[in-house]
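Have a look at the structure below before the remarks.
Throughout, read-outs are computed from the coordinates displayed, never taken from laboratory work. Quick caveat: nothing in here was measured; it's all calculated off a predicted structure. As a convention, Cβ positions derive from the backbone with ideal geometry for all residues, glycine included, and neighbour counts pool all protein chains shown.
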Amino acid sequence: MFSEKGKKSIAVVIVVFKKKRDTDDILFIDASNDFMKGKNKNYLMTEHIQKIVDAYHDRADVPKYAHLSTLNEVERNEYNLNIPRYVSSDDEEPPVDLDEVTRLLDDIDAEITAAKANVDTALKALGVKQNVSS
């Protein structure tokens, strides 16, 4: 929960067992990004705690935060309870606009051609017979 790139961290996990429940599902919550960074340690703020409590009470899927799993799903995962197996924190990459990329490449090619022509002109003015454009 309090991980920081390049530093060792301890995973913080809260496990809640209830004897009298109507369902046999399992709620996974990934609150690893919910903290305030401190100088020597990180802190859970009231809003972070409230977000965790709300997810616990709602018992619903929240993309990249919480997943309500069935026992069958856990069994299919060979009873592995590792949170990233159930809650994906990967950011989806935005779709690539190929037309925009093509336009940018054409603009860059035009700039390179113009720069080479400028270098050729400067070399010619200096009496150098080397042609950069070719």
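Quick notes
- GluC sites (Glu not before Pro) restricted to the range 69-134 and DSSP loop, no more than 13 other C-beta within 10 Å: 78, 92
- Cα-based helix-to-principal-axis angle, 46-58 vs the chain, degrees rounded to 10: 60
- Within the range 49-131, the trypsin sites (Lys or Arg not before Pro) that combine a DSSP coil assignment with at most 14 other C-beta atoms in a 10 angstrom radius are 59, 64, 129.
- When the chain is described by a simple charge dipole with +1 on each Lys and Arg Cβ and -1 on each Asp and Glu Cβ, the residue from 35, 101, 132 located farthest towards its positive end is 35.
- Length-normalised contact order of the chain in % [C-alpha pairs under 8 Å, at least 6 apart]: 19
- Legend: ranking of residues 68, 105 from fewest to most surrounding C-beta atoms inside 10 Å; resulting order 105, 68.
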